[in-house]
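Only one structure is covered here, and it is reproduced in the block below.
The values are calculated or read from the model by the stated rules, or taken from the named source; none is laboratory data. What you are looking at is a predicted structure, and each value in this text was computed from that prediction instead of being measured. Cβ placement follows ideal geometry from the backbone for every residue including glycine, while neighbour counts extend to all protein chains displayed. Just so you know, the surface numbers come from the protein's heavy atoms only, side chains and all, with ligands and any DNA or RNA stripped out. Shrake-Rupley method; radii C 1.70, N 1.55, O 1.52, S 1.80 Å.
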Amino acid sequence: MKLNTLIQLAIGFILFAAPLGAKEGLKPLSAEETKRATQEIENAAKGLKSLSCTFTQEKRLKLMQKSLISKGTLLYQAPSFLRWEYKEPYSYTFEIKENIVTTIYKNKVTRIDAAKNSLFREIVKVMLESVTGECISGSGSFSSTLFTNVNGEITAHLIPTRRELKQVFRELYITFDKMEHLPLEVIMMEEGGDTTTITLKKN
């Protein structure tokens with residue numbers, strides 16, 4: 001499988017996108033509130049050893065009115081193992097272990113060294129940091145602004161700063177659980193206009 005095809009699969013199956021337009025119902029945090037919330041999320045990320053979730057993904061393509069719904073499981077183990085396994089309506093697995101990306105689709109296994117491709121390397125970094133929440137605190141990949149939503153949860157609005165990420169992402173939102181400060185929802189607007197919403201439910 002060609003590298004470009006793998007990148008398209010990674011973006012198409014994995015990367016998150018937001019509904020069109022700005023996310024509604026958000027109130028910006030003060031400087032002091034931002035500092036406190038960032039520290040809480042950073043502490044949670046540092047303490048996270050493993051995470052097991054189910055997810056539901058709703059993907060809306062720019063040229064289609066119908067949404068595409070898929071479901072599966074997510075497994076994260078610190079510091080650099082992430083496995084997305086789609087189970088409905090198709091079977092597809094995307095796995096990151098250190099810098100090696102493995103895809104499994106229709107019994108075909110493909111592996112690639114992400115360290116050898118700058119775009120893929122950035123995508124892998126964002127995927128791992130999105131799961132832990134590290135992308136809001138000094139990762140260098142995004143500028144961030146923190147808000148509170150109507151449920152009192154913290155939502156981070158992220159704008160990519162790296163050239164490679166700007167090719168893919170327009171903006172990214174991560175909403176965190178109030179108690180454990182772990183991601184509940186990761187949403188993004190893609191540069192191409194396609195949108196997806198993924199919600200996570202901890203097992």
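Odds and ends about this structure:
- Spans of strands (runs of 3 or more DSSP E) in the range 84-189 with at least 1 residues in contact (Cβ under 8 Å) with a residue 12 or more places away in the chain and closer than 25 Å to residue 47 by Cα: 92-97, 100-105, 142-148, 154-160, 169-176
- Of the candidates 150, 109, 126, the single residue that is open to solvent by less than 10 Å² (accessible area, probe 1.4 Å) and either at pLDDT 80 or above or not acidic (Asp, Glu) (or both) is 126.
- Residue 142 vs. criteria modelled with pLDDT of 90 or more, under 25 Å from residue 160 (Cβ atoms) and either surrounded by fewer than 19 Cβ atoms within 10 Å (Cβ to Cβ) or touching a helix residue (DSSP H, G or I) at 6+ places or on another chain (Cβ under 6 Å) (or both): no
- Of the criteria (1) open to solvent by 30 Å² or more (accessible area, probe 1.4 Å); (2) hydrophobic (A, V, I, L, M, F, W, C); (3) farther than 17 Å from residue 80 by Cα, which one residue 115 fails: (3)
- Total residues in the range 68-80, condition over 17 Å from residue 182 (Cα atoms) and open to solvent by 40 Å² or more (accessible area, probe 1.4 Å): 3
- Of the listed requirements (1) open to solvent by 60 Å² or more (accessible area, probe 1.4 Å); (2) within 22 Å of the chain's Cα centre (by Cα), residue 36 misses just one: (2).
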